[in-house]
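See structure below.
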Amino acid sequence: MDFDALISGLDRHTLDGITRGSIYALVALGYTMVYGVMKLINFAHSEVFMVGTWAVLGTYTVIGATAGMGAGMVIAATVLALLVAMLASAGTALAVERIAYRPLRKKGAPPLIFLITGIGCSMVLVETFGQLLRFFFGQPFGRVTVNIPSVLETKTLFTIPGVDLAVSNTRVLIIVGAIVMMLALDTFVNKSRLGRGVRAVAQDPDTASLMGVNQERVIMLVFVLGGAMAGVAALLYTVQYDITKFDIGFIIGLKAFTAAVLGGIGNLRGALVGGLFLGIVEVYASAIWDSSWTNVYAFVVLVVVLMFRPTGLLGESLGKARA
Amino acid sequence: MSQITAAYRGLRLGDRWGGAPQPVRWFVMLLVIAFAFYLPYLNVLPFAYIRTDLTASGSDWASVLFLVVVYMIVAVGLNVVIGLAGLLDLGYVGFYALGAYSVALFGSTNSPVVQAMQSKFGFSEEWAVPFAICIPIAIVMSLVAGVLLGAPTLRLRGDYLAIVTLGFGEIIRITARNLDDVTNGATGIIGVPVPPGPEIDGRSFFNTIDAERWYWLALTILILIIFLARRLENSRVGRAWLAIREDEDAAAVMGVAGFKFKLWAFAIGATLGGLAGLLFGSKQQYVEPNAFMVQLSFLFVAMVVIGGSGNIFGALLGAFLLTYLPERFREFVDWRPFAFGVALVAVMILRPQGLAPSRRRAREFEDRRHEAEEAAADA
């Protein structure tokens, strides 16, 4: 145990944790919204994120964006990649809903079956990209990690006085971007007419449909919104880590789901709390002990929190959120 | 006589089976078992086409049979947890890994645990825990793990339970990979002991080449387990599981102690998982953490659900299909996971109750489908 490492680098670790946690939180939104409305874990959501990272890479490749372009070009390329990633992820999420979940809903299948089709979809998506990689790179085990050009170069933007912590532009983009998107989504769900429909279905699907809420449309909306948020997360992830891989979604998805459960699944603000909490705990614990155990810390925290607060830190409440 | 056959014709296979006289059932069962034992030597055309070693890249037929039977043991165990008690366990691979690792840790002279014991108690360098004692160790370890995992988490609802168990499976694997001083980390442990037996042609009876002996051993264990599991299903415990699966609150009102029986299901499932892992590790004579990825857990769950959860025959069928088919069609090896994903989605959408569901389960699905249709018609 090395508490000195944690204390001496506390400011840096906290920043690391918040960056990591913001991305978890954005992906967690997709899980939490789908769970809130349909009471099911969308196991293919991790691959929705994965598709987003490939969309970013594809956009950069097509427009020929590389590191070291002019500021205007960088902004244009990033915004374009963001839009493409959001579209691709939302489209994937919607396709998964149509193919894997809707037919089962019509048959009134129990939740376990939804889970299995979700896993099936996830495997199909992973394998599709794995095969594409093999096709393009040709190695016998051509499922390599692919680099994404760091269009936005990392520079120190400002230094926090007092703790002497240098904050880079990429981190500001990730943290601010994630929080702005979450606030926008929260406002949308709490204030808009469509958002009211989402909350109504989450609270009581039968009564909501009696009141004229189109449940099918709400479910589609939820998948599109969750997918778009995963697309944003994908762009922010590539800004921070500059890589993607065919199975990149698995571990992020697992963490994001953990974050959603930690915060209280079905609770949008809970996803933010859970994501940041998980990110910070992971980074702190890795500093104290050993980073190869990171995933173990995440799950131990999950079990401990669930033992004392079985509905997560903030409790389930998509349906109960007040306007 | 013709009346009887007419009555038979209208019935499903299961009813005919149940209605057949006892001696007939015993005879058919014995035939099936004898055929199962004969399978490794099956070489009569056209039946030989089911063998997996026809092509140059094909895998050893007896080894495939062994793996099928090991996964069948897994499926029977997981069927208790998912199919009977209705608990979604996505970390079943953790128990499987524990079983494999306990025989490796205590039985192999290469394991740091055995080496530590040797130096502590002054044993010779050839000393290791005998295989026969490794079996109870593996069973106790997976049983304890099942209770340790179940006790804090079984109060959680279904989906929470799923993610916590998933985490448990990962914790076991990461621990096995990172605890270099105990498990040799990513290198794994070689020299996992095999069951004792006479030497034939200078090789021990259970060796890496003659896989059919492993297959017979696993098959014998599987038959015993099926027999026990069927008894369990029709016992008081089994009925309690069904009650909990249908409606936990109603079961609690009727005096069924939900937590206790769920823990029982978890413990029994874990034990069978551990036993299967032990067989696997011992046959491979080598364990490493990468053999126990989470994806294997998904495969296990898929076996139970595709076959038809709640029915031992269904679980066996699912385990057989999902293990055998990919081995038989190895030439499409690159596309196997893809096909597997497509098959999962397709089977579940077309037949959500599974290929061979238990009759009670099939009726439930029928009810739910009617309800969903009525709700759709009302809307």
From most to least accessible, 1.4 Å probe, no ligand or DNA/RNA atoms counted, B:27, A:135 line up as A:135, B:27
Of all accessible surface on the range B:297-379 at a 1.4 Å probe, what whole percent is carbon and sulfur? 61
Rounded to the nearest 0.05, what FRET efficiency do residue A:169 and residue B:47 have when you use their Cβ-Cβ distance and R0 = 60 Å? 0.30
Which residues of the range B:344-379 end up with at least 20 Å² less accessible area in the presence of all protein chains than when their chain stands alone, using a 1.4 Å probe? B:344, B:345, B:348, B:349, B:352, B:365, B:368, B:369, B:372
Which of the residues in the range A:240-264 show a loss of at least 30 Å² in accessible area from their chain by itself to the complete set of protein chains, at a probe of 1.4 Å? A:250, A:254, A:257
In sequence order, what are the phi-derived ³J(HN,Hα) couplings for the range A:63-73 according to the Karplus relation 6.51 cos²θ - 1.76 cosθ + 1.60 with θ = phi - 60°, rounded to whole Hz, with x for glycine and proline? 8, x, 6, 9, 5, x, 8, x, 4, x, 5
Evaluate the distance, in nm, between pseudo-label points positioned 7 Å from the Cα of residue B:208 and of residue B:227 along their respective Cα→Cβ axes. 3.4
Centre separation in Å (Cα based) which lies between the range A:179-193 and the range B:154-198: 42
One quarter of the convex hull surface, Cα atoms only: what value does that give for the range A:6-54 in nm²? 4.5
At 1.4 Å probe size, what's the solvent-accessible area of residue B:288? Round to the nearest 10 Å². 50
May I ask for the percentage of alpha-carbon pairs in the range B:286-362 that lie more than 20 Å from each other? 35
Using the 2.2 N^0.38 Å rule of thumb for compact globular proteins, work out how the protein assembly as shown stacks up: its C-alpha Rg over that value, please. 1.01
Quick one: work out Rg over Rh on the C-alpha atoms of chain B, Rh as Kirkwood radius. 0.99
Over the range A:142-193, with every protein chain in place, what whole percent of the accessible area is carbon and sulfur at 1.4 Å, could you tell me? 63
Once R0 is set to 41 Å, what does the formula 1/(1 + (r/R0)^6) return for the Cβ-Cβ distance between residue B:246 and residue A:7, expressed as a FRET efficiency to the nearest 0.05? 0.15
Percent of alpha carbon pairs in the range B:106-257 separated by more than 20 Å? 69
Points 7 angstrom from Cα along the Cβ direction at residue B:33 and residue B:181: gap in nanometres? 4.9
With labels modelled as points extended 7 Å from the Cα through the Cβ direction, what inter-label distance (nm, one decimal) is found for residue B:148 paired with residue B:115? 2.4
Under 17 Å from the Cα of residue B:283 - lysines, other chains or at least 8 residues apart: none
Rounded accessible area of residue A:73 (nearest 10 Å², 1.4 Å probe): 110
Report the accessible surface area buried between chains B and A, summing both sides, using a 1.4 Å probe on protein heavy atoms only, in Å² rounded to the nearest 100. 4000
As an exercise, use a Förster radius of 22 Å and the Cβ-Cβ distance of residue B:377 and residue A:190 to find the FRET efficiency, rounded to the nearest 0.05. 0.05
Quick check: Cα centre of the range A:84-110 to Cα centre of the range B:278-337, how many Å? 27
Other-chain or far-sequence residues with amide H under 5 Å of residue B:358's (modelled H): B:311
Using only the alpha carbons of the range B:162-234, determine the length spanned along each of the three principal axes and report them from longest to shortest in whole angstroms. 43, 43, 16
Helix hunt in chain B: which complete DSSP H runs extend at least 27 Å axially by C-alpha with mean Kyte-Doolittle at least 1.6? B:131-153
Accessible surface of residue A:10 in the full protein assembly, 1.4 angstrom probe, to the nearest 10 Å²? 70
Could you do me a favour and compute the accessible area per residue for the protein assembly as shown, 1.4 Å probe, result in Å²? 44
Cα centre as origin, Lys/Arg/Asp/Glu Cβ charges: chain B dipole, Debye: 960
Just how many pairs of Lys in chain A have C-alpha atoms closer than 26 Å, counting pairs that are eight or more places apart or on different chains? 9
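The values are calculated or read from the model by the stated rules, or taken from the named source; none is laboratory data. Not measured: the values here are computed from a predicted model. Note: ideal-geometry Cβ built from the backbone for every residue, glycine included; neighbour counts use all protein chains shown. The protein model used for the area step is the full one, side chains on, heavy atoms only, and it has no ligands, DNA or RNA in it. Shrake-Rupley method; radii C 1.70, N 1.55, O 1.52, S 1.80 Å.
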